[in-house]
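Student: This is the structure I have questions about; it appears just below.
The values are calculated or read from the model by the stated rules, or taken from the named source; none is laboratory data. Keep in mind it's a predicted model, so treat the numbers as computed, not measured. All Cβ positions, glycine included, derive from the backbone under ideal geometry; neighbour counts span all protein chains shown. Ligands, DNA and RNA are excluded from the accessible area calculation, which covers all protein heavy atoms including side chains. Shrake-Rupley method; radii C 1.70, N 1.55, O 1.52, S 1.80 Å.
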Amino acid sequence: MFQENTAFNTAFSAEAENGYDESRRHFINHAGRGLLAVGVASALPIAAAEAHKAAEAAAPPATGPLDIKLPPLEAPTDPKGADPFNPDAPDRRVGYALVGLGHLTLNEILPAFGKSKHAKPVALVSGDADKMAKVAKQYGIKASSCYSYQTYDKIKDNPEVEVIYIVLPNSMHHEFTLRGAKAGKHILCEKPMANSVKECEEMIEACKKAGKKLMIAYRIQYEPLNRQVQKLVRDKTYGATKMLQMMNTQNQAHDQQWRHKKALAGGGSLPDVGLYCLNTTRFLLGEEPTEVSAQIYSTSGDDRFKEIEENVSFTLRFPSGVISQCMTGYGSFNNKSYTVYAETGSIEMDPAFPYHGLHQERIHAPDGKQMKETPNDPGKDQFALEMDHMAECVRQNKTPYTPGEEGLQDQRIMEAIYQSARENRPVKLPAVAKIDAFRGEAPKDEA
Ligand code: NAD
């Protein structure tokens with residue numbers, strides 16, 4: 001994957017620096033759906049390249065991935081193999097700038113471009129010039145496309161950048177979204193969207209004013225096994241859903257920097273991992289809660305929880321009568337699971353929220369005999385899926401499935417959760433009649 005990334009970025013940099021080479025681009029588009037083809041193209045003798053160009057001239061212009069079909073490898077009775085991977089040619093992809101080079105960017109997002117079909121990394125923004133130079137070299141990003149937090153606004157002059165992906169501490173999402181929108185770029189912002197309803201509203205307004213898209217990176221809403229659960233719930237495959245139980249806990253390292261500072265993180269376990277319980281419940285049901293009740297408890301004497309909360313237990317009530325009971329914590333062993341309890345069956349996701357290795361189990365009794373089904377995890381890269389969705393929204397001028405309004409609604413509910421715990425009483429929320437009220441068009445589920 002690393003080699004692929006380097007190959008296509010190097011090809012890109014070379015192309016941009018040498019001027020636009022139409023015949024080479026044409027060949028790459030047609031022969032080079034695999035990134036390896038970039039190397040082949042540059043090695044091709046000129047006469048052969050010209051002959052190839054003439055042959056290809058009759059073909060329709062490249063408009064993205066090539067339609068390549070291979071015969072099946074397995075009999076239909078065997079488990080299905082991997083889906084075909086048919087990415088856009090490099091010059092068709094949407095260019096991303098990554099802001100913040102921490103754990104998530106280096107360990108998940110940058111590697112995910114190797115599995116992306118429509119996105120490519122073209123710029124970096126960091127406060128650490130040495131680290132940025134190393135990462136730029138690793139991913140073939142030009143030195144002229146590397147910015148500090150101070151020179152970030154100059155990104156407006158970089159036509160390769162179409163989307164800015166903000167992966168900074170929570171308190172910085174607001175400022176970097178406003179500046180990014182002002183620079184005329186679309187924004188993909190990590191969760192939680194910001195630290196207050198007011199900040200979320202300003203981010204939506206800034207992107208609207210600039211005529212740019214704003215998407216919140218709720219990767220679970222793009223992940224196939226969780227999307228299957230949504231379909232089972234919405235189709236009432238096991239009858240009406242009655243209850244959900246969600247859990248997202250992890251034991252935080254003691255030297256966790258900004259996550260334990262209220263001003264930077266906005267809160268503790270709730271806006272970080274607890275948000276998965278809230279957002280996934282809303283995603284599965286499509287409804288909005290009308291009441292929340294919550295309790296907060298932090299272990300006394302633990303220096304991690306001086307400014308922020310450790311544990312939150314909250315219950316969401318929905319107009320259909322469904323209840324979702326959620327628990328989140330920063331001081332107990334990793335558990336990232338949920339169960340949907342419906343009339344004639346239950347669906348368990350355990351784990352549900354990590355980046356890889358998700359597992360789903362459905363239990364029902366169609367003929368009076370209890371049956372367990374465990375669908376295969378297609379093992380898709382969640383970050384590639386969400387970045388590809390944003391890229392398609394940019395290319396096709398669509399509202400993202402998880403736009404700023406989705407992040408704002410979560411922020412409203414989180415503020416009600418804090419209020420409920422503070423005042424030790426249930427807190428009502430405004431009724432929202434529409435299903436999927438804050439979402440854009442759903443991504444297409446692949447075969
Ligand atoms: P991190 O601490 O590993 O990285 C944060 C980056 O921001 C670092 O490169 C750091 O140098 C930089 N930074 C700039 N100003 C800073 C400041 N004042 N204090 C601290 N760091 C500063 O964090 P991360 O885990 O990469 O998280 C970044 C964002 O991504 C957060 O909003 C987090 O909620 C989100 N996140 C999302 C997921 C997901 O699955 N979608 C997973 C992890 C993190």
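Student: Between Ala240 and Lys398, what is the spin-label point distance in nm, taking each point 7 Å from the Cα along the Cα→C-beta axis?
Tutor: With each label placed 7 Å out from Cα toward Cβ, I get 3.2 nm.
Student: Please enumerate, by chain and number, the lysines with C-alpha under 27 Å from the C-alpha of Lys142, excluding those fewer than 8 residues away in the same chain.
Tutor: In chain and number order, the partners are Lys115, Lys117, Lys120, Lys131, Lys134, Lys154, Lys156, Lys182, Lys185, Lys212, Lys213.
Student: Could I ask something else about it? Whole-Hz ³J(HN,Hα) for each residue in the stretch 386-400, computed from phi via Karplus 6.51 cos²θ - 1.76 cosθ + 1.60 with θ = phi - 60°, x for glycine and proline: what do you get?
Tutor: These are the phi-based 3J(HN,Hα) values: 6, 5, 5, 4, 4, 4, 5, 4, 5, 5, 9, 6, 10, 6, x Hz.
Student: Let me ask another. Residue by residue through the stretch 144-161, which ³J(HN,Hα) values in whole Hz follow from phi under the Karplus form 6.51 cos²θ - 1.76 cosθ + 1.60 (θ = phi - 60°), with glycine and proline marked x?
Tutor: Karplus-based 3J(HN,Hα) across the stretch 144-161 equals 6, 9, 10, 10, 8, 5, 7, 8, 3, 5, 5, 4, 4, 8, 9, x, 5, 7 Hz.
Student: Determine the gain in length on full extension of the stretch Ser320-Lys198; use 0.36 nm per residue of separation and subtract their C-alpha separation, reporting nm with one decimal.
Tutor: My answer for the length gained is 41.0 nm.
Student: Which value, in Å², gives the accessible area per residue of the stretch 292-430 when a 1.4 Å probe is used on the protein heavy atoms?
Tutor: Per-residue value: 48 Å².
Student: What's the carbon and sulfur percent of the stretch 86-217's accessible surface, probe 1.4 angstrom, rounded to a whole number?
Tutor: Roughly 52 percent of what the probe reaches on the stretch 86-217 is carbon or sulfur.
Student: A further question on this structure: Compute the FRET efficiency between Ala365 and Asp78 as 1/(1 + (r/R0)^6), taking r as their Cβ-Cβ distance and R0 = 30 Å, and round to the nearest 0.05. Let's see the in-between values first.
Tutor: Details: r = 28 Å, r/R0 = 0.93.
Efficiency computed from Cβ-Cβ geometry: 0.60.
Student: Apply the a/c threshold of 1.5 to the C-alpha gyration tensor of the stretch 114-189 and tell me whether it is rounded, prolate or oblate.
Tutor: Note, shape of the stretch 114-189 comes out rounded.
Student: Leaving out ligands and nucleic acids, and using a 1.4 Å probe, what accessible area per residue does the stretch 86-217 come to in Å²?
Tutor: 36
Student: Taking amide H positions as placed 1.01 Å from N in the peptide plane, with prolines and chain starts having none, which residues 5 or more places from Lys261, or on another chain, fall under 5 Å of its amide H?
Tutor: none
Student: Return the sequence-ordered ³J(HN,Hα) values of the stretch 113-129 in whole Hz as given by the Karplus equation 6.51 cos²θ - 1.76 cosθ + 1.60 applied to θ = phi - 60°, using x for Gly and Pro.
Tutor: 4, x, 10, 7, 9, 10, 10, 8, x, 10, 8, 10, 9, 7, x, 10, 5
Student: Label points 7 Å out from Cα along the Cβ direction at Ala437 and Lys209: separation in nm?
Tutor: Going from the Ala437 label point to the Lys209 one covers 2.6 nm.
Student: Could you give the length gained on full extension between His103 and Ser300, defined as 0.36 nm per residue of separation minus the Cα-Cα distance, in nm?
Tutor: 68.0 nm
Student: Let me ask another. I'd like the distance between the alpha-carbon centres of the stretch 240-319 and the stretch 369-393, rounded to an integer number of Å.
Tutor: 24
Student: Please list, in chain and number order, the residues 5+ apart from Ile216 or on another chain whose amide H is under 5 Å from its amide H, with Hs placed from the backbone.
Tutor: Close amide H contacts, sequence-distant or interchain: Cys189, Thr402, Gly404.
Student: I would also like to ask the following. Under 8 Å for C-alpha pairs, at least 6 residues apart: give me the relative contact order for the stretch 325-447, rounded to a whole percent.
Tutor: 15
Student: Follow-up. Can you compute the FRET efficiency between Ala143 and Lys231 using 1/(1 + (r/R0)^6), with r the Cβ-Cβ distance and R0 = 41 Å? Round to the nearest 0.05.
Tutor: 0.35
Student: Continuing with the same structure: Based on the Cβ-Cβ distance of Phe85 and Asn376, what FRET efficiency does E = 1/(1 + (r/R0)^6) give at R0 = 22 Å, to the nearest 0.05?
Tutor: E(calc), rounded to 0.05, equals 0.85.
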